[in-house]
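Step one of this worksheet: look at the structure below.
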Amino acid sequence: MNSYERYLKYFKSRLPRRSFAIEAGSGAVMISAPHSVEQTRAGRIKYGEYHTGVLARMLHDETGCHIIYKSHNKHDDANFDRTSPYRDALIDFVKQNGVRLVIDLHQMSAQRSELIEIGTGEGKNVAADPAAVDELICCFQKRGFEKIVMDGNFPATYQNTVSASVSRECGIACIQIEFNTRLLSNEFRGCRYSDVLEALKEFIVLKDGINK
């Protein structure tokens, strides 16, 4: 069983665990996956975005970046609820460890036509490092990804999103990325998980170098 399969099995299992996990690394970048297991919003269980958790853990393994991810559904939604232990812990970690950029990973339905959407809070969430968005898009474009949507269906403008909360409370840039499930799941012919992983790895290494 390779790392992709092992991590996917972890996030799909419903074994009782703590609500979330932080794996400290090094550098200026932190990856967040607040929907990596099922979540509960307004009393309704929503499907887990399991592959975002896989990405987070793979990025930690291969770049050494800091990561935080949900590991068990505690009848909450860390990207929506008014109060969130997940967001509180993330904000504390960012402040205490010199993190300069948070990348918040999400997964959208395979039925959508868009493949990648970047949410910036209409610029507000990346005001501390506006160049980061173009740098990220460049990393995707180098691997043939086209028609990347900006602040469309998922702009991360709601005040309780991870991106809005972290940028507001920590004064750093936070970028939300929505990936179409077709890109991340090997159940689909159009899966490009490796390309997504490599683009994010390049971006993390770039930002670490800039922030040294």
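Here are the numbers for this structure:
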{"read-out": "Search result, residues across region 172-207 that are touching a Cys at 6+ places or on another chain (Cβ under 8 Å) and assigned to a helix (DSSP H, G or I)", "value": "182, 183, 184, 199, 200, 202, 203, 204, 206"}
{"read-out": "Residue within region 191-202 that is of a type in the set (D, E, K, R), touching a Leu at 6+ places or on another chain (Cβ under 6 Å), closer than 18 Å to residue 52 by Cβ and surrounded by 14 or more Cβ atoms within 10 Å (Cβ to Cβ) present", "value": "yes"}
{"read-out": "Output for region 55-70, where each listed residue is touching a residue at least 60 places away in the same chain (Cβ under 8 Å) and closer than 12 Å to residue 105 by Cα", "value": "55, 59"}
{"read-out": "Leading residue by the ranking (farthest from residue 47 (Cα to Cα)) among those in region 62-87 that are in a loop (DSSP other than H, G, I, E, B) and hydroxyl-bearing (Ser, Thr, Tyr)", "value": "83"}
{"read-out": "Those residues of region 167-178 which are surrounded by 23 or more Cβ atoms within 10 Å (Cβ to Cβ) and more than 13 Å from residue 126 (Cβ to Cβ), in sequence order", "value": "178"}
{"read-out": "Qualifying positions in region 151-166 - outside any loop (DSSP other than H, G, I, E, B) and either touching a residue at least 60 places away in the same chain (Cβ under 8 Å) or surrounded by fewer than 14 Cβ atoms within 10 Å (Cβ to Cβ) (or both)", "value": "162, 163, 165, 166"}
{"read-out": "Residue in region 71-90 that is polar (S, T, N, Q), within 16 Å of residue 196 (Cβ to Cβ), out of contact with any Gly (no Cβ under 6 Å at 6 or more places or on another chain) and crowded, with 24+ Cβ neighbours inside 10 Å present", "value": "no"}
{"read-out": "Neighbours by Cβ (under 6 Å, 6+ apart or cross-chain): first from region 88-109, within 18 Å of residue 121 (Cα to Cα); second charged (D, E, K, R) and in a helix (DSSP H, G or I)", "value": "91/169; 101/207"}
{"read-out": "Criterion: more than 21 Å from residue 164 (Cβ to Cβ), assigned to a helix (DSSP H, G or I) and under 14 Å from the mean Cα position of the chain (by Cα) - qualifying residue of 90, 136, 59", "value": "59"}
{"read-out": "Selection within region 114-125 - assigned to a helix (DSSP H, G or I) and more than 15 Å from the chain's Cα centre (by Cα)", "value": "124"}
{"read-out": "Leading residue by the ranking (modelled with the lowest pLDDT) among those in region 113-138 that are exposed (fewer than 14 other Cβ atoms within 10 Å of the Cβ) and farther than 23 Å from residue 198 by Cβ", "value": "113"}
{"read-out": "Residues being crowded, with 18+ Cβ neighbours inside 10 Å, hydroxyl-bearing (Ser, Thr, Tyr) and not in a strand (DSSP E or B) - total across region 11-39", "value": "1"}
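The values are calculated or read from the model by the stated rules, or taken from the named source; none is laboratory data. Only a predicted model underlies this, so the values are computations on that prediction, with no experimental measurement involved. Cβ coordinates were reconstructed from backbone atoms using ideal geometry, including for glycine residues, and neighbour counts include every protein chain displayed.
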